[in-house]
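**Student:** Can you read through this structure? Questions will come right after.
A short reminder: the numbers here are calculations on the coordinates, not readings from a lab. Keep in mind that what you see is a predicted model, and the values were worked out from it rather than measured. Positions of Cβ are backbone-derived with ideal geometry, glycine not excepted, and every protein chain shown enters the neighbour counts.
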Amino acid sequence: MDQQTVINILISGVGAGVVWWVNVIWRMLETLQQDISHLHIKLAENYVTKVELNRILDKLDEIQAELRNKE
């Protein structure tokens, strides 16, 4: 085997390793994107509706008024 053949084999091996590594990273990124999408959906399910928020704020106003009346 001559020197050029050895160099070609080494370069192709390194190239294959780089391609494998990039493929692994790409798949990890796709998995992370899916996880973030699922998390976004889960967070949106737990938002307080405007009606519920208004009831909470009204109740807080009542409590605040009662505390001021006791002073």
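**Student:** Starting from segment 56-71, keep only residues that are surrounded by 10 or more Cβ atoms within 10 Å (Cβ to Cβ), then list their pairs with residues that are in a loop (DSSP other than H, G, I, E, B) whose Cβ atoms are within a distance under 9 Å, requiring at least 6 positions of separation or different chains.
**Tutor:** Going by the 9 Å Cβ cut-off, the qualifying pairs are Ile56/Val48.
**Student:** Scan segment 45-53 and tell me whether some residue there is surrounded by 10 or more Cβ atoms within 10 Å (Cβ to Cβ), assigned to a helix (DSSP H, G or I) and without any contact (Cβ under 8 Å) to a residue 12 or more places away in the chain.
**Tutor:** Within segment 45-53, one or more residues are surrounded by 10 or more Cβ atoms within 10 Å (Cβ to Cβ), assigned to a helix (DSSP H, G or I) and without any contact (Cβ under 8 Å) to a residue 12 or more places away in the chain.
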